[in-house]
Amino acid sequence: MKKYIKRTIFILTIGLFGIHGCTDLDEDLYSEITKDSFYSSKLEVLQAALRPMTHMQAWLAPTGGNGYYYHSELSSDQLAWPQKGRHGYDGGDHFRQHYHTWTSNEGRMRSAWTTMWGGVGYVNAAIEDISAIEDPAALEMTQEEIESILAELYVLRAFHYMKIMELWGNVPVVTEIAQGAPTNPSTQSREEVFEYVKTELETYVPQLPKYSADLVGRTTQTAGYAMLSELYLNAEKWVGTPMWDECIAACDKIISGEAGGINGTPKLADDLEETFANTNKSAPESLYQIAYSHKAGFTFDWAGFFLGYTNMQEVLNIDYSGWNAFVVVPTAYDAYDENDLRKKDWFLFGPQYKYGTEEPVLGTEEWNGQPLVYVNSIRRESEGDMTSEGSMAEGEENSGARFNKYKSGMVGDENYRENHYILYRLTEIYFNKAEALMRKNGGTATQEAVDLVNASRQRAFSAEDWADEQYTAATLTMDELLAERGREFIFEGKRRTDLIRFDKYVSGTWWDHQPTNDPNKEIYPIPSNQLANNPNLEQNPGY
Amino acid sequence: MKTILRKELVFFTALFCIGIAQAQITVSGTVSDAAGPLPGANIVVKGTNNGAQTDFDGNYTLSGVAEDAVLVFSYIGFKNQEIPVNGQSTIDVTLQEDTQALDEVVVVGYGTLKKKEITSAVASVKAKDFNQGGARSPMDLVQGKVAGLNITRTQGNNPNSGASIQLRGVTSLKGTRSPLVVIDGIPGGNLDLLQQDDIESIDVLKDGSAAAIYGTRGNAGVILITTKKGKAGDPRFEYNTYFQREFVDEKPDYLSASEFRDLISQGVISEDQDFGYNVDLYDELIDKQNLSQYHNFSASGGSEKSNYRASLYYNDANGIAKENGREQFGGRVNFNQRGLQDRLHLQVNMAANFNKANLLGGGYELTDRGDWDKTTGSDFEQAIQRNPTAPVYNEDGSFYETEGYNNYNPLSRLAHRKLERDQQTFSGDARLTLDIIDGLSASAFGSYVRNTYNTRHYRSTKDWDQIRNYQGTGYASKFNYLNWSKTFETTINYNKTFGDHTIAALAGYSYQYSTTETFNAYNNGFTNDGFMDWDLGSGDALYNDQRPNPGMGSFKEDNRLIAFFGRVNYSFMDKYFAQVILRREGSSRFGANHKWGNFPAASVGWAISEEDFMSNIPEISNLKLRIGYGVTGNQGIPNYQSLVSLSTGGVYPQYGTFYQTYGARRNPNPDLRWEEKKEWNFGLDFGVLDNRISGSLDVYNRLTTDLLYDYFAQQPSFVHDRIYTNVGSLRNKGVEIVISATPIQKDDFSWNVDFAANSQINELEQLSNDVFNANWLEFAGLPSPGNLGPAIRLEEGGAVGNFYGKRFAGFTDDGKWLFYKADGSTGLASEMNENDLTVIGNGVPKYQASLNNTLTYKNFDLTIFFRGKFDFDILNTKDMYFGNKKWLPNNLLKSAVTTHDQLDDDPQYSDYYIEKGDFVKLDNITLGYNFDLKTKYIRNMRVYITGRNIATFTGYSGIDPELEDTGFEPGIDSRGFYPRTKSWTIGLNVGF
């Protein structure tokens, strides 16, 4: 009997516990994939190599993120996000950008840091994986194709570092991604970061393909030389080494057509709209662009920052709306002459009408039920203040001129919202070269510099006005060059870099902003949560 | 064939002959207790399934009783009594109350224990003690009944809202924070499958030494729900029903149209804001005719060898908001059989629920996959802020829209939208138990639970959003969800008593697989509303790229849990008790190096009152000390966090054609492991004066370490800004006390009092380790407009639920805010930065208490139940936004022109809006009457009327001080809300 019981227990035990024998806890993936099942074709290699581009637009383009664009524009003299009554206080974030009173605990700056370093991570991950491809032939690729894609990624990484360095100066340089355990890289000096960017660009830009219609949206030679042009132009400010000749040479690579172009050699747009229109994927000025397509499901959506509420839909005959956020500060709008065509073409200003009619669109906040009229002031006019300079705290729904540089077209247009975001365009190369020539010449314009600036300025004036408005070597002073840069590149996310290079960022006065005269403000503090997390990071001086 | 038939006939005839050969009599009598007759007591002829039940006067009649039979008399809460018939035809019995109630059975997971054997912190609530009235969820039945179990319904009786459940405070940052629900042994059971009349008991494993048997999922506690089962005896029917109506409890104090006009005439509001109508939008949104009904019909019976219980129900639950309801029906079947010489026992349960919910009313939010996420209460935000002079309709009968940021006409949405969910839930389980030898048994248990639903959403061509953003065409979306899990468990039990020693041992294996699949699709460009979402392909956005893109999505994930577990209970002379538990469990969710974890627990109990020296103190009838320590885990985080994988990153062109891009899905963490809680529990059970006063006291201290959280990752070099990892620790400390007393116990009048209270402190001890450091975590971001920042900050060393913001320093002469700067000076809002913020309140109640009074007089019974929460703060965001003249031209709360009249500045978050939230609610009042029917057809009948949430006593100025108080965002009274209600229920229970 005992034996019987024992046996029963034994069988039961085996039976009960053993029938599964199942202690397998491996995970099965369904809606994501492993690397083992990827990188099997050129298509997939490029799908990985282009992941950083869809990420980059989130911090570089004005698409609502708290990245490079937000900080570059709101800390400068052209755009502001004032409080508009109950809207837009946003924890005081935008006040502190405008007043340069930020701390190392700014939520939006934390986001800028994480998104931009996330971009570096995507590039590094792609480089790591693509470098590991041993047999390109198995993917029906050549080794040259692999190397060209890698060169594109090296240049893209250097571009990320250039932009990171612009905001924070002294940062680590990493070329690998962390898996599980953090690597906690150490801060390197701005000079070291600069040197890294310079070396990478100088090495790999010549290996890039030339820009062509086929490669729209990719990082090609025109993009690479534009980056080099920017790096050299700012070298004196960033690391104390003037590099005017190098800048001019890089500009010439583009101007000459040697670096390629979408339709042959890049050329200046004939008018003020072509470069920003919903057909701008083939804009002849474009050197580097984020390729969006509303039809393909990837829309350049600037509405959050730049567009008003739903009442603006009737004005532009569109089906999207924004946060009524960024406005043009009065002094920046005043910087345009009345006959400057850009002042009309690139802004929404004055009374707003339902599209194609004279019927006013009505306000919904301070001007609820009354016609919506954008005014060149940021003050409580609805409460009778028609005279003060106003302030960041005193905006209203109709304060300030508004963005209208990029135009999406109307509902029903064939290319509705097909706009690309242009990162570098030929006009900037002209300005860079002109500035290098002037700086090389002791801050005085040469005729070549004057011609370069006039080439684009001419678009902004009627033929009758042009004779009075064109620059001469005498009128194109350094201050005037900065002002014209501002007028030409407004909304293009470049103002902070320019102000810093012209030493106006911490010493300038504009509208509600008083200078801090603190050179430490030219770079931002490292976010305190990152400092706490990585003991090898060093805080920037003055924070 | 013929032969066989004949043989059977002979056999049955023989049986029949044997049957009538014995002398049989009819026995009758009365069963009573000390207080009088006992209705509903059971009488069974021992060894047969011949039985009867006493009627309302305690009388019974039992026929066909052998003269030498033995009758067994039983009644819940009383000791069984066996009486030999010995030819008597009248047997009156007085049952002895099982006063100590210590033989009461408590469910502890994978088995039961007697109450006196419990050594850990376990609470048990039986059906008779449940909250009365209509329950929207089974958890409503025990709200306030279990000290330390916090059940909060911030949306009152919205039939589509759940209760947030938290036991002994918050124990996890990102892991599961609500207790594991186990229904009849199925871990992770679905509460939809339970109806209030099908539940036998709800048991709660509170501390680690009890919950460790469910190791990996035990951190937040375990709630064990046992359903009613078949019982031997006469076939019985039960019918339970109620009808319920909701009434608005308190309306927000906004300006009426005439008050709005008064302000226009005073010049506070501009004249163009008078649109000439008088509208109370709040009233328009209320369904005054709401009526909920519930019917549950059950049948049970069978023999000792095989018995069953089956129930069917129908429930139509209507919320106070229009277009807000849930209709459901379903059933539950239990079947039990013993065989193989009583050695083999099979139990089978099946339950199903079919429900259809109207999710439109009250305002809603969808997930990014198009599933319904929650009722937001945004419709009622509009009710407060919409201009009361604005009409609802235009003259042409279309809806009038007040244009403006965050403005919409909720009645237009109710008319032009459809949002419904159709859900089916099924659960089936079977347990086969074999008694191998005396004391040794083995059992195998399998279950399958399937939950599937479809959510449909349609916005018609007349909907305001469609007119503006979709060129006046309709929009339709569908979302399908399927989750199923299978569980297989095997256990071996061994119970043996050797003299004074009793041992009960259990060993088992558990396997659980769970998977979720979703599918969704959406389209627009519907030019006709006739199809709604039933012809998704007819929307021309599929072909017209001028319309917003249509889309679709699908998703699947799964995970597995595998465990080996054991438990040994030992008792000596019924004085000394000990329990040891060990569960070793593995989860697929964790890193390759950390799949498995061990969860041990030990506890001891000492029945001091059983000691000889206690016999000198007869006043003390029960005194028992319990001490327990246990380790439990938490695995409630998303799947796959330890893995390297790629996922899509949006499209980008390759040579002119847009293709998907792929990049790193996450920062993988191969070292991801369990969150672990270690808990001490000290308990004391007591009873004095023959247990007229009894109760228990528990003190606990728990530390959850290796907190799972998606921490800020070091960038560089991580790709993503967060990584799921184990950092930090949370400590919860608390005291729980339960006291029951019977102040009056007379023949026809009795009064019982139950009091439960707890105090609890939660602190984040650590948020960093040597690898990951975070300064603090932020919660409860204040909404647009204004985006005034996160309201709550959780700092290392700080309490959970701290409000963190500016300190009010007064107003300037022209009514602008002044706040304190860190250095003590004052400044305007525009001058404030991070360094000027500080802790300004806390939203977690430190004390909770409930008091239940049950009075019975003859056939009447009356229950009065109070519930309260104390010592916490509320951020009154309604007042912050609506109580401010700057909110114009939207409508205002009256406080804008009274309390806050001096204010002339935009809303700002500061301690100015922090208020004390302490409250007491008269939560349930029930009057019942048991009919005394002289009929053999009806066994028992009871009618009752219940009022819930009848009165709230509080100093809080807002609508209702009972807000979310679990998790990390407690104490925020949001702009949007779902009206809290008083509800009145009339119910009937009949047994026949």
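Every test in (1) closer than 28 Å to residue B:381 by Cα; (2) at pLDDT 90 or above; (3) crowded, with 24+ Cβ neighbours inside 10 Å is passed by residue B:165 save one, and that test is (3). From the list B:842, B:833, the lone residue that is within 14 Å of another protein chain (Cβ to nearest Cβ) and of a type in the set (S, T, N, Q) is B:833. Remark: pairs (first residue in region A:100-114, touching a residue at least 60 places away in the same chain (Cβ under 8 Å) and more than 9 Å from chain B (Cβ to nearest Cβ); second residue in a loop (DSSP other than H, G, I, E, B) and aromatic (Phe, Trp, Tyr); Cβ separation under 8 Å; 6+ apart in sequence or on different chains) = A:109/A:102; A:109/A:524. Candidates in region B:628-656 are the residues that are more than 7 Å from chain A (Cβ to nearest Cβ) and surrounded by fewer than 18 Cβ atoms within 10 Å (Cβ to Cβ); of these, the one that is nearest to residue A:212 (Cα to Cα) is B:648. Could you look through region A:48-99, keep only residues that are within 12 Å of chain B (Cβ to nearest Cβ), touching a Phe, Trp or Tyr at 6+ places or on another chain (Cβ under 7 Å) and in a loop (DSSP other than H, G, I, E, B), and pick out the one that is farthest from residue B:905 (Cα to Cα)? The extreme case among them is A:50. The residues of region B:626-680 that are touching a residue at least 12 places away in the same chain (Cβ under 8 Å), farther than 26 Å from residue B:553 by Cβ and out of contact with any Lys or Arg (no Cβ under 8 Å at 6 or more places or on another chain), listed by number, are B:626, B:627, B:628, B:669, B:670, B:671, B:673, B:674, B:675, B:676. When region B:711-768 is filtered for residues that are more than 14 Å from chain A (Cβ to nearest Cβ), without any contact (Cβ under 8 Å) to a residue 60 or more places away in the chain and hydroxyl-bearing (Ser, Thr, Tyr), the ones remaining, listed by number, are B:729, B:740, B:742. Give the residues of region A:24-42 that are facing another protein chain (nearest Cβ under 7 Å) and surrounded by 13 or more Cβ atoms within 10 Å (Cβ to Cβ), sorted by residue number. Matches in region A:24-42: A:25, A:27, A:28, A:29, A:30, A:31, A:32, A:33, A:35, A:38.
Taken as a whole, region B:827-836 holds at least one residue that is in contact (Cβ under 8 Å) with a residue 40 or more places away in the chain and among the aliphatic types (A, V, I, L, M). If the condition is being within 20 Å of residue B:971 (Cβ to Cβ), of a type in the set (A, V, I, L, M) and touching a residue at least 60 places away in the same chain (Cβ under 8 Å), then region B:881-928 contributes B:893, B:914. Total residues in region B:592-619 satisfying the condition of being within 14 Å of chain A (Cβ to nearest Cβ) and closer than 18 Å to residue B:215 by Cα: the figure is 4. The set of residues in region A:266-297 that are free of Cβ contacts under 8 Å to residues at least 12 places away in the same chain and surrounded by 15 or more Cβ atoms within 10 Å (Cβ to Cβ) comprises A:274, A:296. Regarding region B:673-682, can at least one residue be identified that is crowded, with 20+ Cβ neighbours inside 10 Å, among the charged types (D, E, K, R), within 14 Å of chain A (Cβ to nearest Cβ) and under 30 Å from residue A:220 (Cα atoms)? No: region B:673-682 contains no residue that is crowded, with 20+ Cβ neighbours inside 10 Å, among the charged types (D, E, K, R), within 14 Å of chain A (Cβ to nearest Cβ) and under 30 Å from residue A:220 (Cα atoms). Of all residue pairs spaced 6 or more apart or on separate chains, those with beta-carbon atoms under 6 Å, a first member in region B:439-451 that is within 12 Å of chain A (Cβ to nearest Cβ) and touching a residue at least 60 places away in the same chain (Cβ under 8 Å) and a second member that is acidic (Asp, Glu) and crowded, with 19+ Cβ neighbours inside 10 Å are B:445/B:489. The lone criterion from (1) more than 23 Å from the chain's Cα centre (by Cα); (2) within 14 Å of chain B (Cβ to nearest Cβ) left unmet by residue A:353 is number (2).
Can residue B:916 be described as charged (D, E, K, R), away from every other protein chain (no Cβ under 14 Å) and closer than 30 Å to residue B:147 by Cβ? The answer is yes for residue B:916. Within region B:496-512, residues that are surrounded by 19 or more Cβ atoms within 10 Å (Cβ to Cβ) reach partners that are among the acidic types (Asp, Glu) with beta carbons closer than 7 Å, at six or more positions or on different chains, in the pairs B:508/B:489; B:509/B:489; B:510/B:489.
Considering region B:905-949, and only residues there that are buried (at least 18 other Cβ atoms within 10 Å of the Cβ), within 30 Å of residue B:992 (Cβ to Cβ) and basic (Lys, Arg), the residue that is modelled with the lowest pLDDT turns out to be B:939. A Cβ distance below 6 Å, combined with a sequence gap of six or more or placement on separate chains, defines the contacts here; from region A:228-249, residues that are free of Cβ contacts under 8 Å to residues at least 60 places away in the same chain reach residues that are surrounded by fewer than 23 Cβ atoms within 10 Å (Cβ to Cβ) and part of a helix (DSSP H, G or I) in the pairs A:239/A:191; A:239/A:194; A:241/A:235; A:243/A:235.
Yes or no, residue by residue, for (1) closer than 30 Å to residue A:393 by Cα; (2) of a type in the set (Asp, Glu):
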{"position": "B:754", "(1), (2)": "no, yes"}
{"position": "B:778", "(1), (2)": "yes, yes"}
{"position": "B:786", "(1), (2)": "yes, no"}
{"position": "B:836", "(1), (2)": "yes, yes"}
{"position": "B:851", "(1), (2)": "no, no"}
{"position": "B:868", "(1), (2)": "no, no"}
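Can you name every residue in region A:491-543 that is within 14 Å of chain B (Cβ to nearest Cβ), small (Gly, Ala, Ser) and under 19 Å from residue A:79 (Cα atoms)? Passing the criteria: none in range. Residue count for region A:208-219, restricted to those that are touching a helix residue (DSSP H, G or I) at 6+ places or on another chain (Cβ under 7 Å) and either within 15 Å of residue A:254 (Cα to Cα) or of a type in the set (Phe, Trp, Tyr) (or both): 5. Each residue in region B:755-799 was checked for being crowded, with 16+ Cβ neighbours inside 10 Å, among the small types (Gly, Ala, Ser) and either assigned to a strand (DSSP E or B) or modelled with pLDDT of 90 or more (or both), and 7 pass. Taken over region A:494-522, the criterion of being part of a loop (DSSP other than H, G, I, E, B) and more than 23 Å from residue A:244 (Cα to Cα) is satisfied by A:506, A:507, A:508, A:509, A:511, A:512, A:514, A:515, A:516, A:517, A:518.
When the residues of region B:876-922 are filtered to those that are part of a strand (DSSP E or B) and out of contact with any Asp or Glu (no Cβ under 9 Å at 6 or more places or on another chain), the one that is farthest from residue B:807 (Cα to Cα) is B:922. Among the residues of region A:353-385, those identified as under 14 Å from residue A:311 (Cα atoms) and free of Cβ contacts under 8 Å to residues at least 12 places away in the same chain are A:359, A:368, A:369, A:370.
Restricting attention to region A:451-466, the residues that are without any contact (Cβ under 8 Å) to a residue 60 or more places away in the chain and within 18 Å of residue A:347 (Cα to Cα) total 1.
The values are calculated or read from the model by the stated rules, or taken from the named source; none is laboratory data. Please read all numbers here as calculations on a predicted model, not as lab measurements. Positions of Cβ are generated from backbone atoms using ideal geometry, with glycine treated the same way; all protein chains shown enter the neighbour counts.
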